[in-house]
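The values are calculated or read from the model by the stated rules, or taken from the named source; none is laboratory data. Please read these numbers as outputs of a predicted model, since none were measured by experiment. Glycine also receives a Cβ, built like all others from the backbone with ideal geometry; neighbour counts cover every protein chain displayed. Side chains included, ligands, DNA and RNA excluded: accessible areas come from the protein's heavy atoms. Shrake-Rupley method; radii C 1.70, N 1.55, O 1.52, S 1.80 Å.
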Amino acid sequence: MTHLSVVGCGNMGGALLKGLSKSGTHRLVGCDIDPDALAAVADYCTETTDDLAVAAEADVVVLAVKPDMVGTLLEPLDLSADQTLISIAAGVSTDYVIARTDAKVVRLMPNLAAETNNMAAAVTGAVDDTVRALLAELGSFAEIDEAQMDIATAVNGSGPAFVFYLIGAMKSAGVDSGFDPEAAETLAAQTFKGAAETVLRSERSIDELIDAVCSPGGTTIEGMELLWDSDVDAEIAAAVHAAEDRSREMADESTDE
């Protein structure tokens, strides 16, 4: 059993608590000054509190607050060298956090799918077996270099929003052609889920998988020809790099504090 606290019980902090609660094997503490945020995660926690000192008693403390709050909270948390601090703040470097705490520091970029134990996460820093076991409960993770965290922030951190956008576009196409919205959303979302599972489980490349769906003269190849002739791949890449650039800007801003 791991004694873990999450400071900041908003969307991402709440998703981590919900995902970890499913095993029933951890002592989970949710900490926030917003009573509504605590109420939203109460069913997934052993304890909720607005007291940082209570959160600081945990073996693993997750700091799930906005980047501009990280520096403010590290001193009152007052963690020791035998504790682990996991920061999920975008753009806040590991070195910035290390300079302000005695705890072992891990930088994590998760995503909201942690709530359903389907998280994709990038992690760097003092990653030990306890941290690996916690992340494995929540989904899949990759241990990367600090220098790669800005692109990880864009790909798997911001990425779900880009995928939601694409699901919405496919849903809209279905509705335009007569589906009711609920049916269109179910089919579009499940199609993305199934396609993602196929990519993860198959030994074939993405191009090979596309070819497997396309029959000469069929419906899929007709749609793919339009996509191949468009700039959609460049636009998606541009969206990812815009998020990456913003993460880098946020890192510079935190360094300037």
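The conditions of being under 21 Å from Ala243 (Cα atoms), assigned to a loop (DSSP other than H, G, I, E, B) and under 16 Å from the mean Cα position of the chain (by Cα) are not met by Ala142. The C-beta contact set for the stretch 34-61 (first residue under 19 Å from Leu108 (Cβ atoms), second residue open to solvent by 20 Å² or more (accessible area, probe 1.4 Å) and basic (Lys, Arg), distance under 8 angstrom, 6+ apart or interchain) comprises Val41/Lys18; Tyr44/Lys18; Ala58/Arg27. The single condition among (1) modelled with pLDDT of 95 or more; (2) exposed (fewer than 14 other Cβ atoms within 10 Å of the Cβ); (3) among the basic types (Lys, Arg) that Lys66 does not satisfy is (1).
It is to be established whether one or more residues within the stretch 206-216 are closer than 30 Å to Pro67 by Cβ and surrounded by 11 or more Cβ atoms within 10 Å (Cβ to Cβ). There is no residue in the stretch 206-216 that is closer than 30 Å to Pro67 by Cβ and surrounded by 11 or more Cβ atoms within 10 Å (Cβ to Cβ).
Scan the stretch 29-59 for residues that are touching a Leu at 6+ places or on another chain (Cβ under 6 Å) and under 17 Å from Ala133 (Cα atoms) and report the count. Of the residues in the stretch 29-59, 1 are touching a Leu at 6+ places or on another chain (Cβ under 6 Å) and under 17 Å from Ala133 (Cα atoms). Meeting the requirement of 2 or more residues that are closer than 25 Å to Gly139 by Cβ, the helices (runs of 4 or more DSSP H) wholly within the stretch 157-257 are 159-176, 181-201, 206-213, 232-255. In the stretch 147-188, of all residues being acidic (Asp, Glu) and in contact with a helix residue (DSSP H, G or I) (Cβ under 7 Å, 6 or more places away or on another chain), the one that is surrounded by the most Cβ atoms within 10 Å (Cβ to Cβ) corresponds to Asp150.
What about Val54, is it surrounded by fewer than 17 Cβ atoms within 10 Å (Cβ to Cβ), outside any loop (DSSP other than H, G, I, E, B) and at pLDDT 95 or above? The answer is yes for Val54.
Against the definition (touching an Asp or Glu at 6+ places or on another chain (Cβ under 8 Å), surrounded by fewer than 22 Cβ atoms within 10 Å (Cβ to Cβ) and assigned to a helix (DSSP H, G or I)), how does Leu20 come out, yes or no? No, not satisfied. Within the stretch 124-144, one or more residues are of a type in the set (S, T, N, Q) and within 17 Å of Val6 (Cβ to Cβ). When the stretch 84-102 is filtered for residues that are over 17 Å from Asp150 (Cβ atoms) and either open to solvent by less than 10 Å² (accessible area, probe 1.4 Å) or in contact with a helix residue (DSSP H, G or I) (Cβ under 8 Å, 6 or more places away or on another chain) (or both), the ones remaining, listed by number, are Thr84, Leu85, Ile86, Arg100, Thr101. Within the stretch 70-83, the set of residues being touching a residue at least 60 places away in the same chain (Cβ under 8 Å) and either closer than 18 Å to Ala15 by Cβ or open to solvent by less than 20 Å² (accessible area, probe 1.4 Å) (or both) comprises Val70, Leu77. If only residues of the stretch 103-123 that are within 19 Å of Ser247 (Cβ to Cβ), touching a residue at least 24 places away in the same chain (Cβ under 8 Å) and not small (Gly, Ala, Ser) are counted, the one that is most open to solvent (accessible area, probe 1.4 Å) is Leu112.
Taking the stretch 214-257 as the range and being without any contact (Cβ under 8 Å) to a residue 60 or more places away in the chain and polar (S, T, N, Q) as the test, the residues that pass are Ser215, Thr219, Thr220, Ser230. Quickly run through the stretch 189-205 and pick out the residues that are farther than 19 Å from Phe162 by Cβ, of a type in the set (Lys, Arg) and either touching a residue at least 40 places away in the same chain (Cβ under 8 Å) or surrounded by 11 or more Cβ atoms within 10 Å (Cβ to Cβ) (or both). Once the filter is applied, which keeps residues that are farther than 19 Å from Phe162 by Cβ, of a type in the set (Lys, Arg) and either touching a residue at least 40 places away in the same chain (Cβ under 8 Å) or surrounded by 11 or more Cβ atoms within 10 Å (Cβ to Cβ) (or both), the stretch 189-205 yields only Arg204.
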